[in-house]
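Below is one structure, written out as structure tokens; comments come after it.
The values are calculated or read from the model by the stated rules, or taken from the named source; none is laboratory data. It should be emphasised that the depicted structure is a prediction, and the values quoted were computed from it without experimental measurement. Glycine also receives a Cβ, built like all others from the backbone with ideal geometry; neighbour counts cover every protein chain displayed.
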């Protein structure tokens with residue numbers, strides 16, 4: 001089984017507040033960014049890979065890990081499957097992924113941002129599930145669908161979350177969202193100290 005490509009660990013210096021004291025402090029957080037291959041439609045294998053790389057990241061000192069766009073199901077954008085088939089796969093993947101990732105985060109003390117297809121609306125949505133040691137937090141839905149292919153598959157999101165986990169406030173974006181400065185400005189205005197953005201691509205001509 002191919003487990004993926006790489007885990008890149010980075011130490012991010014971030015200025016925050018010392019809780020009840022209300023004093024500004026400098027603190028550091030270690031974030032793992034994971035580039036891994038996902039098998040289209042085989043969410044069981046993909047979840048095994050996510051668990052493998054999460055454990056590797058935790059051993060390397062990370063408390064946060066960001067996985068690729070649509071990594072639980074694989075990217076639909078260049079697939080030939082029907083919407084009905086995609087929804088069936090996405091529904092099964094969502095029902096299995098959430099409890100597995102909740103257990104993983106509780107065991108390892110990790111906060112994860114994981115790309116997933118969300119089937120819970122009338123149309124599919126390109127989502128990023130956020131889970132931390134306390135459990136499921138939210139699923140962000142990609143705001144900016146950059147081309148007709150994504151627009152064919154997905155419904156755009158409508159809101160931008162700011163989440164607090166393990167002492168840090170952050171927001172989430174997906175791939176093309178990072179091209180819009182207003183996105184970052186809005187997140188910062190609402191207290192986000194960092195952005196965690198899954199990015200993905202499909203096909204050899206992909207630029208990401």
Query - Among the residues listed as 103, 128, 90, the single one being crowded, with 17+ Cβ neighbours inside 10 Å and either in a helix (DSSP H, G or I) or free of Cβ contacts under 8 Å to residues at least 24 places away in the same chain (or both) - result: 90
Query raised in the report: So which residues in the range 144-168 are out of contact with any helix residue (DSSP H, G or I) (no Cβ under 7 Å at 6 or more places or on another chain) and more than 19 Å from residue 114 (Cβ to Cβ)?
Result: 147, 148, 149, 151, 152, 155, 156, 158, 167
Report summary line: The number of residues in the range 40-57 that are more than 21 Å from residue 119 (Cα to Cα) and either surrounded by 19 or more Cβ atoms within 10 Å (Cβ to Cβ) or under 13 Å from the mean Cα position of the chain (by Cα) (or both) is 4
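Name the strands (runs of 3 or more DSSP E) wholly inside the range 1-77 in which the number of residues that are in contact with a helix residue (DSSP H, G or I) (Cβ under 8 Å, 6 or more places away or on another chain), modelled with pLDDT under 90 and over 18 Å from residue 164 (Cβ atoms) is 1 or more.
Numbers: elements: 6-17, 24-35, 64-66.
Here the list reads 6-17.
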Report task. Read through the list (1) under 27 Å from residue 62 (Cα atoms); (2) under 16 Å from the mean Cα position of the chain (by Cα); (3) modelled with pLDDT of 90 or more, then give the number of the only condition that residue 208 fails. Result -> (3)
Query raised in the report: Can you find even one residue in the range 135-147 that is touching a strand residue (DSSP E or B) at 6+ places or on another chain (Cβ under 8 Å), at pLDDT 95 or above, part of a helix (DSSP H, G or I) and buried (at least 19 other Cβ atoms within 10 Å of the Cβ)?
Result: no
